[in-house]
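A short worksheet on the structure shown next.
The values are calculated or read from the model by the stated rules, or taken from the named source; none is laboratory data. This structure is a prediction, so every number in the text was calculated from the model and none was measured. Glycine also receives a Cβ, built like all others from the backbone with ideal geometry; neighbour counts cover every protein chain displayed. Surface areas here come from the heavy atoms of the whole protein model, side chains and all, with no ligands, DNA or RNA. Shrake-Rupley method; radii C 1.70, N 1.55, O 1.52, S 1.80 Å.
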Amino acid sequence: MEYGISIDIGTSGISSHAVDLSDGRIISTAMTSRNPLPGANVMDHLTFCIRYGEDLAHRIMMSAVNRVLENLRVDLKDVRRVAICGNPIQLSIFQGMGVDDLAFAGETAHRVRGIKIRNRDSAEIPATDVGLNVPDGTPLFVPPAIKHEIGADALAMMYKSNFLEGKGIRMVTDYGTNAEMALNIDGEIYTGSAAAGPAMEGQSVERGMLASPGAISDLEYEFQWRCMVLDDEMIPRPGDKIDLATGSLIEEGDMHGKAVGITGTGVVAAVAAAIHGNMWKKGRLTIGDMRLQDGVKITSNDISETCKAIGAIRAGHFTLIEHAGIGFDDMKEMIMSGASGTYVDAAKAREVGMVPPLSRNIYQIGNTSLAMATDIIRRPELLDELQGIADSIRSNHVMFATDKVFEEIYIQELAYWEEGMTLETYNRNLSTAGIQALPRPKGMPNVHRIVVRDIPVFGDLGMHMFEDIGTELTAEFEGCTLCHTCVDECPEDALQFRGRTAVVRTKDCLGTACGRCQLKCPEKVFKYEELRVSDTDL
Amino acid sequence: MSKTKIDYGAILRRYDAELENVSTPEAIAAKMLPSDPHLKEVASTVLYMKIREVGPVVMKALKEGVEPLILINKGLVAGMEIVSNLYAQHVYYLPEIMMAAKTMEIGISIAEKQIPGGRTTKGKVIMHAVEGDPHDIGKNIAAVMMRSSGFTVLDLGKDVAVDTVIATVKEEKPFMVSGTALMTTTMTACAAIAEKLKAAGINIPVMAAGGAVHRDFAESFDLGIYSEKAPQTPPIADKILAGYDWKKIRENWDDIVEGI
Amino acid sequence: MAKRFTKMAYSSPEEMVFGHSKAPISYGFGMKVGAGRVIPELNYAPRPGTEKSVDRLRKEYVDYISKDALDRALTLGFPDLQLETEWVSQMAAPEMSAPIVSGQRDLVEKYHDKYGINLAVRHTIPDQREAGQGLRLGLDKESAYPERFMTCVDTVCENGADVLSVESVGGKEFADYAVTHGDITAFLFGVGYLGSMDMEYIWKQMVSVAKKHKVIPGGDTNCSGANVAMFMAGGMMDNDVQKTFSAVARCISAARTLVAPECGATGPDKDCGYEGVIVKAITGLPAAQEGKNCQCAHADLQGNLMAQVTDMWSNESVEYHPEFGGSSIQCWLGTLGYEVSLMNTAIQMGQERTLRDLYMNSDRTRGPEGYVLAYDNAWKIGKVIAEYGDDYYLRAKAAGLTGANIIMEGYDKKELILTSKQLLVLKKMIKELEALPDNEDSFYEYCAKKYKDEVPDFNPKNYGL
Ligand code: B12
Ligand code: SF4
Ligand code: SF4
């Protein structure tokens, strides 16, 4: 049998299919739930590249990807094609192409550093060139980016939904850290990226976690709120029912005692509950912490972080709608992609503002990057078609960073969420600026969950999920007293000592966004940049 | 009778008394607006964010003999003080403070031209979003707060090269420079600025701020000081003017920003 | 099948007291019901003629009535207020009601934000269904009242109400007959049995819509049965309906009104369901009640007593018009709020049980209906309902019989005075109830035959039979 392999590299994990080339069927699936590079978001990954070298990042990445391929459980000698998709940062690291043009936003920084914007058009290159363990001569297909920070993943979300089809007005958004979004008006396409941040993935939230057993993934309204907790099969099951206003337990559920944290979708539900209960006032929860079950709680700060993200998404949608010259009442069809976009309760997402308020139909379509890469495997000539689409979209890109409308709206968002400004004032201010009013959500949207999981088909051989992808960074620090302050301070248990050697597991480490180990070292001898990849790994 | 345990709040509310503590623009204005009719009109344009009217109103006042400096300080700035007051009391919100500041600035730029030798303020600061960073909303907010507190702000914009900052500092001689960074890739620019200033023998505090920056980072290099929220900037700046150097600001940081 | 209550939430009557329920509920703008504080609920009716146009009616409800009420609540310093809009029939048209629901919501939000007063709005929809035309979806080809009923539910839930309620009329064809003919078996069949089934049918749907839109499903009342009996028995010399009859009818109605919580209603239930005392004893859910401060609407004989275990205290309804002290609704809000204030002061001073007993004893023997609703007796009636909880018929019968026996014992003890006519009717009812079959099927057969000609509007399809 001859195989093709499709790969999606995401900020929080890698997934891959093996495909039977004779009939295009998916044979098997392999996944990791962590990105091998230190850090929780693309900027951390970029910082890592800049500080410790793009080459090192590339090698860590490829070692992880090759482990993923092994977990597909097919004979890699029979692989004939590979296709990849993902955001431009991960793709560049994967290809071993520089990322400096992505790491620094702004022309000044580019000029000062002599950075050139790299070409991220579609490409066909030998897979062995990037270090994949597949037979010599196997081609690797790389889909094009739309614009330098709107990557192939954004193209995937448009291509793999009904977004581009026919006439009408619809919007699509990938609910990841970068929130790529696009609006289609009878074929005229407007794009933007609202860098919402990782709150929607449960990060920068005190008790936040990725979806895994014990995570509160939703709150269901049963006239009070019922925590839904993921069980060992990752199925949300009823936990405790809580009166959020008083924090009292009303009724224990099956999953009582089993909650350990909360996912991004859970946090969105918490925001919806806080808004519904009128408990979010002047940027604070009127009830103190929102107590859920088993001691898991949401703080005002958590909501505030999430609201900054929601605000950025809403401001982004709003800005596109303004630039396109349509009204909110024209925007009735919304497509949500990405894991968060698939698992979040779409009605709640609309209530809190992540989806335009008058959307009537909402489609949740899953991980489109992997799906598009798989399509390329089946039909390599698709690559040219995709390049054509990408080229045609380039014209209407709205740079939110320099956009006055975005800034005007985002300031309203900040005041609305953080200071408790009313929607009335929000709209009055916008009207002064000549911007249409933001309506309240009305009625109930029809939610179409097109897929049950973000990856709908696993194939006959099923799915292998594995954790152990990380590489280790090690160093001995001169003057270290082995006081272990750094170990105790590490929030992720990513750091330990082997004898005098400090060892950091990269997949767990938060990287530059954290740096607690270094900052807290009483002897000031911990130097993160002195850490080296241990030879055994690579 | 056991009276001690009664929680009267569970029985009744004194909305009348509570209302006394709630401010409306009108009520505060009545207390704080200047009494001179010209100045009152000027201050009101700022208070009510009449961005289109401020020009004509200022021009009329100047023509009718109001001293430009008095017009600025007792009219425009006085109006802005009321706005800050309302903001602190949650009557006005961020967008309003931004609009009012814009109104004030238009007025100042008109009046300023008529002051021989230009206007003197509390002092001059340079603000910017650092090299490689496009996130300037927080900086814009902080700049407004500084201007409203009577400082001159030289806003260099976003994605400003470290060398541009150094060159401008040398030329303009501010008493403080601030850099805003929201990306972990860019925040190191603050340290670079501090290093170059120090090498040039300019020991003014370098305030590092913005989402990516935390206090530990801001204080990890010489000259570096931290500010968490925009409203904290004016009190810190006041202390610098009062003679605090970066070390003393760090030592007293918690006290300076307490409650803000 | 809906859940059934077979155990008592309160293990003894002594446990029950106003302002506290076993399952407090929070919603709206800071509203916490049954959580240690009684809340006034103001109900009002628009002036005749205002229902002629959408705009006029919205103005009447929002700009006049609601605003008046909120302003007065601030003036008098009431910490909480729930508004209840009992829809006039014209509001069954969504274009008429939607602006009122959303208008009241916006107003309430504004006042809450500005003054911090805790507020919520309950909307009680009209049940216009006619047994003769059909009670269930698809049956009423003439007026489509069941469909219109569900449209009302949607309108309430989609436009920002906090609480959804109804005064449903299932079994009314028998209740009307029963009251006018003094026929307790007909009442048991119509209200206790058929009414329960109809409630199960509508409340399951109401709860599911409410849940989808995050609205609190409050509860129901047997206004159309037990209250009709109460009013007709009300006058001192009215002898058409005896007060013992209305008291026993009330006990039976409790078994029916319980179906709302069994389908998921959470309380606060409907103010005019005097049977709510019994329902609260069984379910522990917050109860809205009315009595002395609803004299604008009812002259009942247990005005103080009804406050004994209430969580939300209502004035039932008053038409909007001027009085010397302000508008009528402002005046009645004043009396409501002060009564509630007294109750809450009692709670603060640890005197709530004393006040409860003062209320209760002031009306305990004023009439048989108050007597069965006194919390100790109400609890006993609740207990037999729970004992037979799984069977709509048996539990309603047990409720009626137990209520009747309690009255008899009170009379025998010389605690409760009865006129000879009242006593006669009571004895007849006890005999009649005791003689009824001991299972649902035989009872149905018996009634279907017995009332075939008397109640021509009866259609088994209305109840899924
Ligand atoms: C709004 C936003 C944007 C807007 C920015 C618009 C603008 N003109 O500023 C847009 C959408 C354009 C944007 C773009 C990007 N963004 Co962005 N963005 C955000 C977001 C959602 C909020 C930032 C913000 O404005 N906060 C509100 C302001 C008021 O806060 P602040 O700046 O911190 O300011 C406060 C204080 O810090 C202080 N302060 C600030 N300056 C000063 C100065 C002084 C003197 C003082 C005293 C105080 C002070 O006072 C302020 C108020 O109290 C954050 C996520 C988040 N949750 O924070 C991501 C975030 C900052 N963005 C991020 C990224 C990566 C980007 C992009 C690079 C994404 C990409 N790959 O394309 C792009 C930029 C590329 C480009 N060329 O466009 C990342 C940074 C990650 C990291 N760890 O480094 C974040 C954290 C989100 C994420 N993905 O994780 N973004
Ligand atoms: S403390 Fe150090 S090792 Fe631990 S997560 Fe933070 S940066 Fe990584
Ligand atoms: S904190 Fe510093 S001194 Fe202590 S163990 Fe870690 S590196 Fe060594």
**Report entry** Simple Cβ-charge dipole of chain B, Lys/Arg +1 and Asp/Glu -1, about Cα centre, in debye nearest 20
**Finding:** 440 debye
Query raised in the report: Given a 1.4 Å probe and no ligands, DNA or RNA in the count, how much accessible surface is buried by A and B, both sides, to the nearest 100 Å²?
Result: 2500 Å²
**Report entry** Reduction of at least 50 Å² in accessible surface, 1.4 Å probe, comparing all protein chains with the chain by itself, residues of the range C:209-244
**Finding:** C:211, C:214
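How large is the helix-only mean residue ellipticity at 222 nm for the protein assembly as shown, computed as the sum of -39500 (n - 2.57) over DSSP H runs with n ≥ 4, divided by its residue count, in deg cm²/dmol to the nearest 500?
Theoretical 222 nm ellipticity from helices: -12000 deg cm²/dmol.
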**Report entry** 10 Å Cβ neighbours from other chains, averaged over peptide C:346-355
**Finding:** 2
**Report entry** Estimated dipole of chain C in Debye, rounded to 20 [Cβ of Lys and Arg +1, of Asp and Glu -1, Cα centre]
**Finding:** 620 debye
Query raised in the report: Which FRET efficiency, nearest 0.05, do residue B:238 and residue A:252 yield, Cβ-Cβ r, R0 45 Å?
Result: 0.25
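Could you tell me whether chain A comes out rounded, prolate or oblate from its Cα gyration tensor? Rule is a ≥ b ≥ c as square roots of the eigenvalues, rounded for a/c under 1.5, then prolate if a/b exceeds b/c, otherwise oblate.
Since a/c stays below 1.5, the shape of chain A is classed as rounded.
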**Report entry** Relative contact order of chain B, pairs being alpha-carbon contacts under 8 Å that are 6 or more residues apart, as %
**Finding:** 13 percent
Requested in this report: For a quick protection proxy, order the peptides A:344-356, C:205-217 by their average other-Cβ count within 10 Å, most packed first.
Outcome: A:344-356, C:205-217
Query raised in the report: Taking only the alpha-carbon atoms of the range A:429-538, what semi-axes of the equivalent ellipsoid follow from 5 times the gyration tensor eigenvalues under a square root, in whole Å, largest first?
Result: 45, 27, 11
Query raised in the report: Roughly what would the spin-label model give for residue A:235 and residue A:116, points 7 Å off Cα along C-beta, in nm?
Result: 5.6 nm
Report summary line: Log entry: pair-distance distribution for the range B:23-112, C-alpha pairs binned every 5 Å from zero, whole % per bin is 3, 18, 30, 25, 15, 7, 2, 0
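If you take the square roots of the eigenvalues of the alpha-carbon gyration tensor of chain C and sort them as a ≥ b ≥ c, do you get rounded (a/c under 1.5), prolate (a/b over b/c) or oblate? It would help to have the intermediate numbers written out before the result.
Numbers: a/c = 1.68, a/b = 1.23, b/c = 1.36.
Because a/c hits 1.5 or more and a/b fails to exceed b/c, chain C counts as oblate.
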Query raised in the report: What is the mean number of Cβ atoms from other protein chains located within 10 Å of the Cβ atom of each residue in peptide A:108-117, rounded to a whole number?
Result: 4
Query raised in the report: Exactly which GluC sites (Glu not before Pro) in the range A:218-318 are in a DSSP loop and have at most 13 other Cβ atoms within 10 Å?
Result: A:233, A:252
Requested in this report: Using R₀ = 22 Å, calculate the FRET efficiency as 1/(1 + (r/R₀)^6) where r is the Cβ-Cβ separation of residue C:424 and residue C:180; round to 0.05.
Outcome: 0.75
Report summary line: Of all DSSP beta bridges having both residues in chain A, the percent classed as antiparallel (nearest 5) is 65 percent
Query raised in the report: Going through the DSSP H helices of chain C, which span 27 Å or more along their own axis at the Cα atoms while scoring at least -1.0 as a mean Kyte-Doolittle hydropathy?
Result: C:94-115, C:328-348, C:392-412
**Report entry** Average Cα contact separation per residue, chain C, under 8 Å, 6 or more apart, as relative contact order %
**Finding:** 21 percent
**Report entry** Within the range C:364-384, backbone nitrogen closer than 11 Å to the virtual label 7 Å beyond the Cα of residue C:22 toward Cβ
**Finding:** C:383
Query raised in the report: At q = 0.07, 0.10, 0.14 Å⁻¹, what log₁₀ I(q)/I(0) does a Debye calculation on the Cα points of chain B give, no solvent, two decimals?
Result: -0.30, -0.58, -0.96
Report task. May I ask you to compute the full-extension gain from residue A:78 to residue A:525, defined as 0.36 nm times their residue separation minus their alpha-carbon distance, rounded to one decimal in nm? Result -> 155.9 nm
Report summary line: Once the dipole of the range A:178-315 is set up from charges on Cβ (+1 Lys and Arg, -1 Asp and Glu), the residue from the list A:196, A:182, A:257 lying farthest towards its positive end is A:196
Query raised in the report: Using a 1.4 Å probe on protein heavy atoms only, how many Å² of accessible area do C and A hide from each other, summed over both chains and rounded to 100?
Result: 1700 Å²
Query raised in the report: Once you put a point 7 Å from the Cα of residue A:286 and another 7 Å from the Cα of residue C:432, both along the Cβ direction, what distance in nm separates them?
Result: 5.1 nm
Report summary line: Checked the range C:328-465 with the C-alpha gyration tensor, a ≥ b ≥ c its square-rooted eigenvalues, rounded below a/c of 1.5, otherwise prolate if a/b is larger than b/c and oblate if not; verdict prolate
Report task. Report, in whole Å, the centroid distance computed from the Cα atoms of the range C:280-343 and the range A:1-70. Result -> 68 Å
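Per residue, how many Å² of accessible area does the protein assembly as shown show with a 1.4 Å probe?
On a per-residue basis, 38 Å².
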Query raised in the report: Hey, got the average number of other protein chain Cβ atoms within 10 angstrom for residues in B:85-96?
Result: 5
Query raised in the report: Among all cysteines in chain A, which have no other cysteine Cβ under 4.7 Å from their own Cβ?
Result: A:49, A:85, A:227, A:307, A:480, A:483, A:490, A:509, A:514, A:521
Report task. Take the solvent-accessible surface of the protein heavy atoms, probe 1.4 Å, and return the percent of it on the protein assembly as shown that carbon and sulfur atoms account for. Result -> 51 percent
**Report entry** Area projected by the alpha carbon convex hull of the protein assembly as shown, averaged over all directions, nm²
**Finding:** 56.9 nm²
Query raised in the report: In whole angstrom, how long is each semi-axis of the equivalent ellipsoid of the range A:472-533, when you take the square root of 5 times every eigenvalue of its Cα gyration tensor and sort them from largest down?
Result: 15, 13, 11
Query raised in the report: Hey, if you put +1 on the Cβ of every Lys and Arg and -1 on every Asp and Glu Cβ in the protein assembly as shown, which of A:528, A:512, C:418 ends up farthest toward the positive end of that dipole?
Result: C:418
Report task. Work from the charge dipole of the range B:144-260 (Cβ charges, +1 for Lys and Arg, -1 for Asp and Glu, about the Cα centre) and give the residue of B:157, B:232, B:192 farthest towards its positive end. Result -> B:157
Query raised in the report: How far is it, in nm, from the label point at residue C:376 to the one at residue C:441 when both lie 7 Å from their Cα along the line to the Cβ?
Result: 4.3 nm
**Report entry** Zone residues, the range A:126-144, relative to residue A:387, backbone N less than 18 Å from point 7 Å out along Cα-to-Cβ
**Finding:** A:126-127, A:139-144
Query - At R0 = 60 Å, FRET efficiency that the Cβ-Cβ distance of residue C:15 and residue A:404 yields, to 0.05 - result: 0.40
Query raised in the report: Where the centre of each part is set by its Cα atoms, how far does the range C:365-433 sit from the range B:2-52, in angstrom?
Result: 60 Å
Report task. Calculate how many DSSP beta bridges within the protein assembly as shown are antiparallel, expressed in % of all such bridges and rounded to the nearest 5. Result -> 50 percent
Query raised in the report: Where in the range C:1-38 does accessible area fall by at least 50 Å² between the isolated chain and the complete protein assembly, at a 1.4 Å probe radius?
Result: C:26
Query raised in the report: Looking at the range C:389-453, which trypsin sites (Lys or Arg not before Pro) are in a loop (DSSP not H, G, I, E or B) and have at most 10 other Cβ atoms within 10 Å?
Result: C:413, C:414, C:452
Query raised in the report: What relative contact order, as a whole-number percentage, does the range B:124-256 give when Cα pairs under 8 Å and 6 or more residues apart are counted?
Result: 25 percent
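Magnitude of the Cβ-charge dipole of the protein assembly as shown, K/R +1 and D/E -1, about the Cα centre, nearest 20 debye?
1960 debye
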Report task. Return the whole-Å distance between the Cα centroid of the range C:1-43 and the Cα centroid of the range B:180-255. Result -> 56 Å
Query raised in the report: Once the convex hull of the C-alpha atoms of the range B:193-246 is built, how many Å³ does it hold per residue, rounded to a whole number?
Result: 69 Å³
